[in-house]
Amino acid sequence: MGIIFGIDIGGSTTKIVGIKDGKCIDMLQVRAADQITSLYGALGKFLRSHELQTTDVEEIYLTGVGASFIDEQIYGIKTYKESEFNAIGRGALFLTGLPAALVVSMGTGTAFVRAGSDAAVHIGGTGIGGGTIIGLASKLLGKSDVDAILALAGGGNIKNVDLTVGDIFGKDIESLPSHLTAANFGKIESTASKSDIALGIINMVFETVGMMAVLSIKNDSINDVVLTGTLATFPQAKPVFDGLKELTGINFIIPEKAVFATAMGAISR
């Protein structure tokens with residue numbers, strides 16, 4: 001049996017997963033100027049890295065926004081397209097072993113998928129995501145490279161940017177702890193550093209996405225939210241979502257290999 005590839009062609013990066021005999025060979029991602037270049041670049045890099053030929057590949061499963069640009073059988077290999085929302089749901093459940101969950105796929109924008117053993121349903125989304133971070137950082141900080149933005153944010157202090165409940169009332173009120181954000185960027189002053197602003201941008205995106213997830217399952221029986229996509233691996237993600245878990249009781253989960261969840265889901269059945 002040959003290799004089966006699951007390829008998630010996103011708005012800015014392409015993720016590829018290779019499976020043979022039910023075992024994962026490798027996972028990698030490639031960034032390029034357009035989706036076609038990114039797809040073929042990811043496939044070529046994978047084959048070259050493992051000294052493989054196109055004849056070693058049995059099937060290719062494409063998903064993601066960029067899959068709509070592909071109409072051909074890639075290199076003559078059997079090529080199929082999988083619904084992105086199905087792939088998002090199946091990949092998250094596969095990585096976590098959960099029977100059902102709300103899956104939050106954080107890419108350029110953010111999609112919310114209610115996944116279960118029988119179906120994956122897209123329940124909504126938001127334009128807030130990685131594109132927001134890069135766009136705002138480009139204009140406010142002159143930085144558009146993700147690594148540079150993260151390096152800046154690592155030295156930031158959120159207290160110099162966000163207005164908290166404690167800033168307004170001086171204490172906890174009812175069920176709202178004093179450290180809770182009352183207004184993102186609501187306390188920013190001219191003394192705020194570029195690092196403070198970088199952290200504030202990332203924090204705003206995570207808090208917004210997290211609270212949208214909480215509201216999305218408010219009347220649902222599930223209590224698990226699985227976070228996938230590149231943003232889930234940012235070092236700021238875990239503390240923000242751990243804080244939301246403590247506040248709301250919702251179980252936020254960032255699985256290992258969260259970046260490759262959708263590519264894995266394209267293959268999973």
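Each Lys and Arg contributes +1 and each Asp and Glu -1, all at the Cβ; summed about the Cα centre of the stretch 1-68, the dipole is approximately 220 debye.
When a/c reaches 1.5 or more, the comparison of a/b and b/c decides; with that in mind, is the stretch 187-269 rounded, prolate or oblate per its Cα gyration tensor? Oblate shape, in that a/c is at least 1.5 and b/c is the bigger or equal ratio.
The share of Cα pairs per 5 Å bin across the stretch 28-74, counted from zero up to the longest distance, runs 5, 19, 30, 28, 16, 4 percent.
For the chain, the relative contact order is 21 percent, taking Cα pairs closer than 8 Å that sit 6 or more residues apart in sequence and dividing their mean separation by the residue count. For the stretch 64-119, the list of chymotrypsin sites (Phe, Trp or Tyr not before Pro) that fall in a loop by DSSP and count at most 15 other C-beta atoms within 10 angstrom is empty.
Within the same chain, lysines fewer than 8 places from Lys45 are excluded, and of the rest, those with a Cα less than 20 Å from its Cα are Lys15, Lys20, Lys23, Lys78, Lys257.
For the stretch 157-217, with all protein chains in place and a probe radius of 1.4 Å, 55% of the accessible heavy-atom surface sits on carbon or sulfur.
Whenever you get a sec, compute what percent of the accessible area on the stretch 1-151 sits on carbon and sulfur atoms (1.4 Å probe).
After summing per-atom areas, the C and S share lands at 52 percent.
Solvent exposure of the stretch 148-269 amounts to 48 Å² per residue of accessible area, where only protein heavy atoms count and the probe is 1.4 Å. The listed peptides 248-256, 12-20, ordered by packing as a protection proxy, come out as 12-20, 248-256 (highest mean of other Cβ atoms within 10 Å first).
Along the axis of the charge dipole computed for the stretch 1-148 (Cβ charges of +1 for Lys and Arg, -1 for Asp and Glu, origin at the Cα centre), the listed residues Ile60, Ala111, Val17 are led at the positive end by Ala111.
The slack in the chain from Glu58 to Ala119, taken as 0.36 nm per residue of separation less the alpha-carbon distance, amounts to 19.3 nm.
The value of relative contact order for the stretch 174-269, using C-alpha pairs under 8 Å at least six residues apart, is 27 percent.
Full extension of the chain segment joining Glu246 with Lys45 gains 68.2 nm, where the gain is 0.36 nm per residue of separation less the Cα-Cα distance.
Normalising the Debye intensity of the stretch 65-158 to I(0), with uniform scatterers on Cα atoms only, and taking log10 at q = 0.12 Å⁻¹ returns -0.58.
Within the straight-line cut-off of under 24 Å between alpha carbons, the lysines reachable from Lys159 are Lys139, Lys143, Lys171, Lys187, Lys194, Lys238, Lys245, sequence neighbours fewer than 8 places apart in one chain being disregarded. Only one residue of Gly6, Pro99, Leu47 has its Cα farthest out toward the positive end of the dipole of the chain, where Lys and Arg carry +1 and Asp and Glu -1 on Cβ, and that residue is Leu47. Label sites at Ala33 and Asp147, each approximated as a point 7 angstrom past Cα along Cα to Cβ, lie 2.1 nm apart.
The values are calculated or read from the model by the stated rules, or taken from the named source; none is laboratory data. Since the structure is predicted, the reported quantities are computational estimates derived from the model, not experimental observations. Cβ sites come from the backbone with ideal geometry, for glycine too, and all protein chains shown count toward neighbours. Keep in mind that these areas ignore ligands, DNA and RNA; they rest on the heavy atoms of the full protein, side chains included. Shrake-Rupley method; radii C 1.70, N 1.55, O 1.52, S 1.80 Å.
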